[in-house]
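Here is the structure we will look at, set down as structure tokens.
What follows draws every value from the coordinates through simple rules; no lab data is involved. Remember, it's a predicted structure, so these values are computed and weren't measured experimentally. Please note: Cβ atoms are built from the backbone with ideal geometry, for glycine as well, and neighbour counts cover all protein chains shown.
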Amino acid sequence: MNPLKVVETSPGKYSLLLNAGTTQVERLIEDLGHEPHGYFWEGVAQLLISTEAPGLEGRLKFDPESSMFCAYGEDLPALEELGTRMAAVASSPERMRQIVAHAEATGFVFDD
């Protein structure tokens with residue numbers, strides 16, 4: 001799941017975290033006209049959920065910042081699944097291009 005990680009913030013409550021600037025696709029994100037911060041990564045998460053993992057809808061919440069993406073909740077399997085899907089995007093320029101192209105084709109606007 002690298003560069004994402006899941007931490008237990010209190011008993012039974014978890015956060016999925018990604019520090020901005022730690023992925024293999026930071027430069028590509030900028031080249032595609034976006035800012036690779038936490039809000040952008042929330043958009044990636046929302047697109048992944050809506051297009052590839054609709055079963056995750058409503059099972060977690062988001063609280064990104066400029067320096068960090070954060071999803072949280074009590075559903076550890078949901079956070080782990082999202083983390084695995086996001087790690088695939090964070091480590092693959094081809095997947096990142098696909099996500100951004102899909103967003104453009106469907107009118108999805110990243111919050112960046």
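In terms of its alpha-carbon gyration tensor, the stretch 1-74 comes out oblate; a/c meets the 1.5 threshold, while b/c is at least as large as a/b.
With 0.36 nm allotted per residue and the present C-alpha distance subtracted, the residue 75-residue 97 stretch has 5.0 nm of extension available. Applying the Karplus relation 6.51 cos²θ - 1.76 cosθ + 1.60 with θ = phi - 60° to the stretch 16-30 yields 3J(HN,Hα) values of 9, 10, 9, 7, 4, x, 10, 9, 7, 10, 4, 5, 4, 4, 5 Hz, where x marks Gly and Pro. Restricting the stretch 46-112 to GluC sites (Glu not before Pro) that sit in a DSSP loop and have at most 15 other Cβ atoms within 10 Å of their own Cβ leaves 57, 65, 74. For residue 91, no residue 5 or more places off, or on another chain, has a built amide H under 5 Å of its own. The residues packed around residue 91, meaning those with a beta-carbon under 15 Å from its beta-carbon, carry a net charge of +3 if Lys and Arg are +1 and Asp and Glu are -1. Karplus-derived 3J(HN,Hα) values for the stretch 66-75, using 6.51 cos²θ - 1.76 cosθ + 1.60 with θ = phi - 60°, are 5, 9, 7, 8, 9, 10, 8, x, 9, 8 Hz; glycine and proline are entered as x.
DSSP loop chymotrypsin sites (Phe, Trp or Tyr not before Pro) in the stretch 23-112 with at most 16 other Cβ atoms within 10 Å of their Cβ, which ones?
Working: sites: 39, 40, 41, 62, 69, 72, 108, 110; in loops: 108, 110.
In loop regions of the stretch 23-112 (DSSP not H, G, I, E or B), the sparsely surrounded chymotrypsin sites (Phe, Trp or Tyr not before Pro) are 108.
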